[in-house]
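Chemist: The structure is given below, and queries will be raised subsequently.
Read the figures in this text as sums done on the coordinates, not as results from a lab. Model, not experiment: these values are computed from the prediction. Please note: Cβ atoms are built from the backbone with ideal geometry, for glycine as well, and neighbour counts cover all protein chains shown.
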């Protein structure tokens, strides 16, 4: 029994909310090339704020490259990136990046705890002393990923799944608003996968944004609420329900693979 | 005996130890970054640097030589980087091209120019003359408090002391970014660290250390000290801080033991003359590395990923 | 200048001619042998090996003298150097396999320690009466001055043998150097081939000691191979180009060195090789810097033009200055930014081809072909007109959501 005026006010508020809804990260016309074959071609993408987005596509589709180029780890040939509607350089403190596990030398002489402290670098600066509260933060982050007992271990002694959790703990220590994860579930055990997804969902519930490169089609609908389907160019993007369909999957992966796998996914097949 | 020791051995040992430490500190990070051979490349291009400095200034005064050598090291590093990127050549080969070509140029210049009147030759550059850095004015330990005697300390001592102190301070100051960029370059970039500049800074510091050490002890020790003490230290521990302390200890031990063995060793086995101190220091550091490789508590690889094989 | 000409045409005396020929042969075999090392990305292993020869020279001298022989016997010194070089090589391998240290650290450690120990031995020899005129220092930088006829014959012979071995083993070695896994699968014994390569490099190093010296011999192994890489992508061509560069550097270098005093052979040879390298790096058509820059420029223009057309098709505003300039130059837009007829047609085609590619992935079963999408490859160059017609049918029949 709402009055017309109230309804109009509510509509306006909704419109306002929609128009001020910032995307966590916005990419426009991004092309990246190793040598003379583009790995990504003219990709536009909007990663919604407060959502969990999966970047999906076959091997060599440019999924990891998308994250690395957006963050300036590899150079872009063209294109623009903004984070929370501002340039990347301004928004650095709001981003946490979790690289692929294999991208570092796990034989490096350092402990689990020290790796997590690296997440506090922007707070500590060049010479800031590590105080009790920093230690507290680092330990809490380790605890959130279930690794508090391993704080004093040398990082090389960890299993693959444990290494991934340490990387996640480091990103938690950064206290960011946007979490970018490169293949967080690659080569990890089931317990780690569950632990990581629990942490990511917790982040989402706190209003943070999560973007993960993902390659297990079977878990997309369970884990994520949005997808970006990528194969050098963008194939589709949006909420899982509308963008992750048999048609977009076959457009991304190719016909043959899709027909075999889509049945397992139990997706609504678009007629 | 003690007077003779202070006069003939104290200053060379001090200079050797400081040089060894100044090189070993950046060496720790170079080894972890798989850039150990940058030290090798730098020490080769020091020769063309000092020859050019000599040809330009006509003197063998220390300061122009040091500047020339430092400039050559920076030029070499830039050339290696340029060839690597522009020519898409793997780093080892790019280094090999640059340092051999520059070294060859240095030797040619040296042969072509008239350096007969000055003490400037290839062998000296390679082997140094640690033995000649004696403290003639010393009469015993009491000279350490005697201002007139102190005024006549070899100038190399002051130079290497300043450089060693600078290297120590810089390592301490930039510890955190160095550790972070060495361990995880991609992550370091995302938090806004100037990764490329830090990498270049490390190489420049290594070059300065190499040049100052080279002035005193020759290029063999320089290469050996960049690599052997940190490499041995790497096999002792899994903590970077502890590793750096071990490397300092190994560097000092190599310098002291090497000098003593070179000076007194031959006498013990009945030979008359001392052997090359620089060569002996390098040899001792190699023995230490060998022992660490055989018995070091952390000698095996543990991690997987990029470094594993 | 006449001296140089005489030397180049082998008219500067019997010994000088032999030296020039020997250096040429050495350069040929070093260039070829080095290309295996460079392709295997182990260029600087040869540097460790070269520096490890020094203690061997010293030990061989001491042994020959202690048996009352002539310490300066070249063959004896070379055998000694080969022994310690082998030991150094073995240690590099052992350290990088058995400890956590990487190969570069192992190389640097072996290189500096063996060299340091060699210097200790040299100072021991200098203090011995028999060693006063040993002249072992010439092994550091090489010297052809005062070279005996028999030395020149030893070196020329060694160079010829090395070249013959390379000729015999070129097939398995190029296979292993380019793709060890494939070589293994096609029945080549990778380990043995690697050992043969190392032995070859060792032989070249030892032979080269007298000419170029142990500090610079590595240049003759690396520079020709890296130079050749600019000119070709094919393994066997690389081998012979490298051999050619090495041979030319050795021959010309030795001749130049013989033509005037104060021109030390080793450095001259290395500098000539370096000059050829610099020229190739800039001007080689295949991978040279100049052409690479031009190609990259063109590539970037293609990317921007294509992106511009796609943006036009979606009627999005274009802000990128380079894109605007390229569209204008191609006649696709007018100066005021409005699309021309040709521009509109091209934009429509670009957009249609993008849709065709997406459909192709969906309906075409050969992912090797659909995988060739990169935004730039024209669809007509990958699929037949029949196939494209099929895609168009799909596009017309199943409108996209």
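Chemist: I'd like the mean, over residues of A:26-36, of how many other protein chain beta carbons sit within 10 Å of each residue's own Cβ.
Modeler: 4
Chemist: So if R0 is 45 Å, what FRET efficiency would residue C:41 and residue A:80 give, r being the distance between their Cβ atoms, rounded to the nearest 0.05?
Modeler: Details: r = 37 Å, r/R0 = 0.82.
Between residue C:41 and residue A:80 the formula returns 0.75.
Chemist: Further, regarding this structure: Quickly work out the residue C:344-to-residue B:75 label distance, labels modelled 7 Å from Cα along the C-beta direction, and quote it in nm with one decimal.
Modeler: 6.1 nm
Chemist: If you don't mind, there's one more thing I want to ask. Can you order the peptides A:212-220, A:62-70 by their average number of other Cβ atoms within 10 Å per residue, highest first?
Modeler: Descending packing order for the listed peptides: A:62-70, A:212-220.
Chemist: Here's a follow-up. Remind me, relative contact order of region C:2-287 in percent, using alpha carbon pairs under 8 angstrom and six or more residues apart? Numbers along the way, then the final one.
Modeler: On the way: 490 pairs, mean separation 95.8, N = 286.
Relative contact order of region C:2-287: 33 percent.
Chemist: While we're looking at this one, here's another question. Shape of region A:23-260 from its Cα gyration tensor (a ≥ b ≥ c, root eigenvalues): rounded if a/c is under 1.5, otherwise prolate when a/b > b/c, or oblate?
Modeler: Judged from the Cα gyration tensor, region A:23-260 comes out prolate (a/c at least 1.5, a/b above b/c).
Chemist: Which FRET efficiency value, to the nearest 0.05, is calculated for residue B:112 and residue C:150 with the Förster distance at 25 angstrom and r the Cβ-Cβ distance?
Modeler: The computed FRET efficiency comes out at 0.25.
Chemist: Relative to the compact-globule scaling 2.2 N^0.38 Å, provide the ratio for the alpha-carbon radius of gyration of chain C. Walk me through the numbers on the way to the answer.
Modeler: Numbers: Rg = 29.8 Å, N = 401, 2.2 N^0.38 = 21.5 Å.
Rounded to two decimals, the normalised Rg is 1.39.
Chemist: Among C:373, C:291, C:90, which one shows the biggest mean-square fluctuation in a GNM of chain C, springs joining Cα atoms closer than 10 Å?
Modeler: Among C:373, C:291, C:90, the largest GNM mean-square fluctuation belongs to C:373.
Chemist: What nm value, rounded to one decimal, do you get for the distance between residue C:233 and residue C:170 when each label is placed 7 Å out toward the C-beta?
Modeler: 2.1 nm
Chemist: Over the whole of A:108-114, what's the average partner chain Cβ count within 10 Å per residue? Rounded to a whole number, please. Don't skip to the answer; put the middle values down first.
Modeler: On the way: counts 11, 17, 8, 3, 0, 0, 5.
Per residue, the average neighbour count from other chains is 6.
Chemist: Let me ask something else about it. When a/c reaches 1.5 or more, the comparison of a/b and b/c decides; with that in mind, is region B:182-297 rounded, prolate or oblate per its Cα gyration tensor? Working shown, then result.
Modeler: Working: a/c = 4.09, a/b = 1.85, b/c = 2.22.
Oblate.
Chemist: Given springs between every Cα pair under 10 Å in a Gaussian network model of chain B, which of B:38, B:256, B:60 has the largest fluctuation?
Modeler: In the Gaussian network model the winner is B:60.
Chemist: Round to the nearest 10 and give me the degree value, 0 to 90, for the angle of helix C:235-259's Cα axis relative to the longest principal axis of chain C.
Modeler: Approximately 40 degrees, to the nearest 10.
Chemist: Also: With a ≥ b ≥ c the root eigenvalues of the C-alpha gyration tensor of region C:290-397, is it rounded (a/c under 1.5), prolate (a/b larger than b/c) or oblate?
Modeler: It is oblate, given that a/c is not under 1.5 and a/b is not larger than b/c.
Chemist: Please check: in the Gaussian network model of chain C (C-alpha springs, under 10 Å), which one of C:136, C:209, C:101 has the largest mean-square fluctuation.
Modeler: C:101
Chemist: Here's a follow-up. For the residues B:98, C:83, C:382, what sequence is obtained by ranking on other C-beta atoms within 10 Å, fewest first? Kindly include the intermediate steps, with their values, before the conclusion.
Modeler: Numbers: B:98 24, C:83 16, C:382 19.
Listed from fewest to most nearby Cβ atoms, that is C:83, C:382, B:98.
Chemist: Place a point 7 Å from Cα of residue C:330 in the direction of its Cβ. Which residues in region C:270-298 have their backbone N less than 19 Å from it?
Modeler: C:295-298
Chemist: Something else: Please give the contour-minus-distance gain from residue A:219 to residue A:59: 0.36 nm per residue of separation, less the Cα-Cα distance, rounded to one decimal in nm.
Modeler: 55.9 nm
Chemist: Could you please state, rounded to a whole Å, how far the C-alpha centre of region A:237-253 is from the C-alpha centre of region B:1-31?
Modeler: 67 Å
Chemist: Report the FRET efficiency, 1/(1 + (r/R0)^6), for residue C:199 and residue C:63, where r is their Cβ-Cβ distance and R0 is 22 Å, rounded to 0.05.
Modeler: Details: r = 23 Å, r/R0 = 1.04.
Plugging the Cβ-Cβ distance into 1/(1 + (r/R0)^6) gives 0.45.
Chemist: While we're looking at this one, here's another question. Using packing as a proxy for protection, rank C:387-397, C:149-159, A:159-169 so that the peptide with the highest average count of other Cβ atoms within 10 Å comes first.
Modeler: Ranked by mean Cβ neighbours within 10 Å, highest first: A:159-169, C:149-159, C:387-397.
Chemist: Per-residue Cβ counts within 10 Å, from other chains only, averaged over B:270-283: what number is that?
Modeler: The shielding value for this peptide is 6.
Chemist: Another question, if that's okay. Using a 7 Å offset from the Cα along the Cα-to-Cβ direction at both residue A:194 and residue A:157, what is the distance between the two label points in nm, to one decimal?
Modeler: My value for the distance between the label points is 2.6 nm.
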